[in-house]
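Structure first, commentary second.
Nothing in this text is a laboratory measurement; each read-out follows from the coordinates by a stated rule. The structure presented is a predicted model; accordingly, all values stated were derived computationally and were not measured. When we count neighbours, we look across all protein chains shown, and the Cβ atoms used for this are built from the backbone with ideal geometry, even at glycine.
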Amino acid sequence: MAILTSAQMIESERGRKTTSPDGTIRVEFDVQTGRMSHEIYSPRVVSVADGEVLVDLWGTQWDASAQFEQAGTVRLSLRHYDGEKPGFAVTIDARARTFSFADAPGEAHPLTRFNRLVGQKHAAQERYPQSRPGAPPTGKLKLLLYALLLVGIVFVLLRVLGVKLFG
């Protein structure tokens, strides 16, 4: 079981492609720029032996990283760039021309249904709750945070200027 380390994957993704240790699968990344200069790595999975494109998400908002865990397979961790729903993983078996979702590993689907089933899984997922850590504040909380920030900035400026506020 050969797994590329994160450093190797980053190096490979910067080169826009990576090949499995057994030489059977190549994952090519179409790098796009999203909001706030985020890079989106949309994958294309290719069978090295015959050059057949097994999965093609180029030009989409799907971002992915790849791990080669077993010979002839690649695990893609997929996230849709809308960022409103959690990502999920799929394992692609290049020899059998099938894939399975990580949460249902025994259920193999033909690669011809990949884009449709991945899109359906994404659509069926619930959005992140607004209370999740790191979720942007909304409504009155946002207003309160901005007010506190403004008060803090004014306080610092007055201190820098040497103005005594309290006695």
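So between R35 and W58, what do we pick up on full extension, going 0.36 nm a residue minus the alpha carbon distance?
Numbers: separation 23, 0.36 × 23 = 8.28 nm, distance 1.76 nm.
Full extension from R35 to W58 adds 6.5 nm.
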Query raised in the report: Under a point spin-label approximation (7 Å from Cα along Cα-to-Cβ), what is the R95-F166 distance to one decimal in nm?
Result: 7.3
Report summary line: A correct Karplus calculation of ³J(HN,Hα) over region 144-150, with 6.51 cos²θ - 1.76 cosθ + 1.60, θ = phi - 60°, whole Hz and x for Gly and Pro, returns 4, 5, 5, 4, 5, 5, 5
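What's the local net charge at L57, with K and R +1, D and E -1, over the other residues with C-beta under 13 Å away? The partial results should precede the final answer.
Values: positive: R44, R79, R116; negative: E28, D30, D56, D63.
Result for the neighbourhood of L57: -1.
Ranked from highest to lowest mean number of other Cβ atoms within 10 Å per residue, what is the order of the peptides 73-86, 102-115, 148-161?
Output ranking for 73-86, 102-115, 148-161: 73-86, 102-115, 148-161.
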Query raised in the report: What number comes out for the charge environment of T33, summing +1 per Lys or Arg and -1 per Asp or Glu over other residues with Cβ under 13 Å away?
Result: -2
**Report entry** Length released on extending from A124 to E69, taking residue separation times 0.36 nm less the Cα-Cα span
**Finding:** 17.0 nm
